[in-house]
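All remarks here apply to the structure that follows.
Bear in mind these aren't lab numbers, they're just calculated from the coordinates by the rules spelled out. These figures come from a predicted structure and were not determined experimentally. Neighbour counts are summed over all protein chains in view; Cβ atoms, including those assigned to glycine, are modelled from backbone coordinates with ideal geometry.
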Amino acid sequence: MIRLRRATPLVMLSSLVLAGLVSAQTAAPALRSPDVIFVPTAPEVVDAMLKLAKVGPNDVVYDLGSGDGRIPIAAVQKYNAKSATGIDIDPQRIKEAMANHAKSGVGARVRFLNQDLFTTPIGEATVVTLYLLQSLNEKLYPKLQKELKPGSRVVSQTFSMGSLWEPTETIQVEGRNVYLWIVK
């Protein structure tokens, strides 16, 4: 006579995991495709953006679409920002940023998040940097206005906010416009 034992919850869970049913349900959802291709920001433009925003020791910098991480790293390394966060939807860019971070010596003051810049909270930022298309800047405009505190600075390379937001200042660096806005 064969006796069947009642399966314990642990045995049942183990069976489900082995069958691949639980892991498929609990896996993190894949992020959508990037909105733009990665084009690195030239070092002289990085410097101009951070200088124009007057980044200093009290600043928390967020780079939306951070690519290989050069802006957050420079914000801490050269401008002594309190901290900097790079957000990029592309896991390959995050890997590159983490490799650059490891070589930079900036430690825990810089972090990189593999997240969607449209849904990641940015309210602690005092400076936000962008190198996105004008259409994406315009799409970000309501988020910037809603989440950033008055006095926060937004800097964009090449692309403006169109007619939604007139820049406080515009400079030219290496043939590119760099725009500054201050949240009111």
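Data for the structure
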| item | result |
| --- | --- |
| Exposure proxy ranking, count of Cβ atoms within 10 Å, fewest first, for Phe38, Phe112 | Phe38, Phe112 |
| The range 43-182: equivalent-ellipsoid semi-axes (sqrt of 5 x gyration tensor eigenvalues, Cα, Å) | 21, 16, 15 |
| Ranked packing of 164-177, 64-77, 145-158, most packed first, by mean Cβ within 10 Å | 64-77, 145-158, 164-177 |
| Residues Gln92 and Ser163, FRET efficiency given R0 of 30 Å [Cβ-Cβ distance, rounded to 0.05] | 0.30 |
